[in-house]
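For reference, the structure is listed below as structure tokens.
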Amino acid sequence: MNKSEAVHYDKVRAIFDILNGKREADLLLKNLNILDVHGETVYQGSILVYDKRIVALNPDETILKVKDVFDGKGLYAIPGLIDAHIHFESQLAHPTALAEAMVPCGTTTIYAECLDLLSAAGDEGVEAAESLFKDYDKLPYRLYAFAPGKKTAASVTEAVLQMEPVIGLGEFEHFTYSSGDDDDFRKAAWVRAKGGFMNGHWGVTALSDMVLNYLPAIGVSNNHDVWNEKDIEKSIRYGFPTHIKFGVGSSEVIKILLRAIVDRKWPTDNFMLCTDNISVERLLTMGHMDWIISLCAEMGLNPIHAIKMATYNTARSFHMEDRIGSLTPGRFADIVLTDSLSQINPLYVFKDGELVAKDRKLLKNADIDYSGMCKQGVPGLDDLTPEQLDIVPLEVSQDGSQAKVYLFDVYGRGHAKFYQEVWVPLRDGKVVAEHEGVKLSRLSVIQRYASGKRHVVNGLFKGVHVERGAVATFWPAPKPYFVVVGQDSAEMCHCARRVDTYAGACIVTEDEAEKAVMPLDIYGVMANMSVSELTTAASEIDAALEEMGNRNEGEPVVNKLLSLFISLHRFRLMA
């Protein structure tokens, strides 16, 4: 036997000896109500674990030798929950901080995009990927990642495709794949040769049928960008395992999608659950996949079907059902114990047969230092003037009393249009920040590094209302831009220029004095903080704005503003 064969010989012999009472197993979880996702039933039983995997169901305890026994006291045992598509950067937390917020929710596996971080890193994209994935196997969740399908140089994608734990190519850029960009052809060729997966992207009903045919024809293996019933219908018709997502700004969208699945009686085997983009605040207050499963049950889906959408269906879609997604022998011992199947309450979370979270508190985390990824800011707004942030009407009415301007809606993505052209009052030649009698804030979208005339888009903003002062943030991918919200051009200009001194940050100012600062030192997209530090910083931003008359609901302001960049890019509002 060679070395590899000898290792496997020892493992299969050990399992045989354990099941015959001649060798010691690692853990026995007993007194459980076990969910069988294959037969969609629940049965009373026990689970035996050895070497990170389940090796037996209902073993003969009269002959069993085992190191530890865990009494489940009649709790339901379900597979560890899986997020089928999440962006590492969306919650602003680095991988170990993400574990603090996510794993206690019962999530033991994620399929993660990292395209914004690597895009922000620019020429250091490969180095950034190596640092991001450092010691990934020590994390208390299972990580599968995707090389960037967009926003980075093809050379970065090619290098990242060779790394662990990368299993394929992330979402394409719809502007380029639909026009025959050669870099996209090369990226698709690389991942096809590697035998990896390709993530789909963009609402399918927004594409021509010929382009839609192109995606599955070249091997795109899923689609996470559905927003309505027609999108779902077309997505599953073309053979896409389809992700139903819950992320920033889309709380109503997931209800629309789930209602369509229930009403149309579509087989739930077509679907997986994912977040796409989600904040740490939402993880801590509402939950993760546990909350989405509970919402599915509330919307009328069979709870077992909902659990399969966040476990077995996803594992099967990525051809990993032999490793994760069910509580059966040979699979990793990723197990969640809950007191309900319709309202998931992750009381105990096991990963690889080790208890990693209890009562929504993380018990074990990796010790990984990400400080080497922190960067200094390279300012680009030294010549920005307040006048550049004044709203210039797109059109003025014949009587001079009204102006046509852009109106941006933070919750417009996916259901109402993200931006519109609307008529608002014009007094003494100046735009009045109100629409249909409702007072609004102003928003400026500002290019960080200008070659020639700086690209700036100004308009009104619906979603965060600032009476005085200003709040600004920055996002570097795919292009470095700021957004700033306020009422006064001079204050907005000062606030944006303060953010410009950082690699990335969210800053609140009043009378040109800083009231709250949340640094995003890791390439401008992540905070080098623990979860408690991160949530404290986000709360301080909200508190400072509240003192200034801000009105905000739902997500923290910093997450609302950062979510804008997705739509700004999608609707071509960045040069």
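Assorted remarks:
- Taking amide H as placed 1.01 Å from N in the peptide plane, the amide H of A25 sits under 5 Å from that of K65, V66, K67, each at least 5 places away or on another chain.
- Among the trypsin sites (Lys or Arg not before Pro) within region 413-462, those in coil by DSSP and having at most 16 neighbouring Cβ atoms inside 10 Å are K417, K453.
- Gyration tensor (alpha-carbon) shape descriptor, region 244-326, a/c threshold 1.5: oblate
- For the chain, carbon and sulfur atoms together expose 46% of the accessible surface, with a 1.4 angstrom probe and every protein chain in place.
- Note that the chain presents 40 Å² accessible area per residue, ligands and nucleic acids not counted, probe 1.4 Å.
- Amide H within-cut-off set for F197, under 5 Å, with H built and near neighbours excluded: G168, L169
- Legend: calculated FRET efficiency, S401 to V438, from the Cβ-Cβ distance at R0 = 22 Å, rounded to 0.05, equals 0.75.
- Debye log10 I(q)/I(0) for region 159-228, one point scatterer per Cα, at q = 0.14, 0.18 Å⁻¹: -0.41, -0.67
- Measuring r between the beta carbons of N302 and A6 and using R0 = 41 Å, the FRET efficiency lands at 0.35.
- The packing ranking of peptides 369-375, 37-43, highest mean first, is 369-375, 37-43, where packing means the average number of other beta carbon atoms within 10 angstrom of each residue.
- Backbone geometry of region 508-520 corresponds, through the Karplus equation with coefficients 6.51, -1.76 and 1.60 at θ = phi - 60°, to 3J(HN,Hα) couplings of 10, 10, 8, 6, 6, 10, 6, 9, 7, 9, 10, x, 10 Hz, x marking Gly and Pro.
- GluC sites (Glu not before Pro) restricted to DSSP loop in region 372-448 with at most 10 other C-beta within 10 Å: E436
- Antiparallel beta bridges, as assigned by DSSP with both residues in the chain, represent about 65 percent of the total such bridges.
- Among the GluC sites (Glu not before Pro) within region 41-140, those in coil by DSSP and having at most 14 neighbouring Cβ atoms inside 10 Å are E61.
The values are calculated or read from the model by the stated rules, or taken from the named source; none is laboratory data. This one's a predicted model, so the numbers in the text were calculated from it and none came from an experiment. Glycine gets a Cβ as well: all are built from the backbone with ideal geometry, and neighbour counts include every protein chain shown. Protein only, heavy atoms only, side chains kept; ligands, DNA and RNA dropped before computing areas. Shrake-Rupley method; radii C 1.70, N 1.55, O 1.52, S 1.80 Å.
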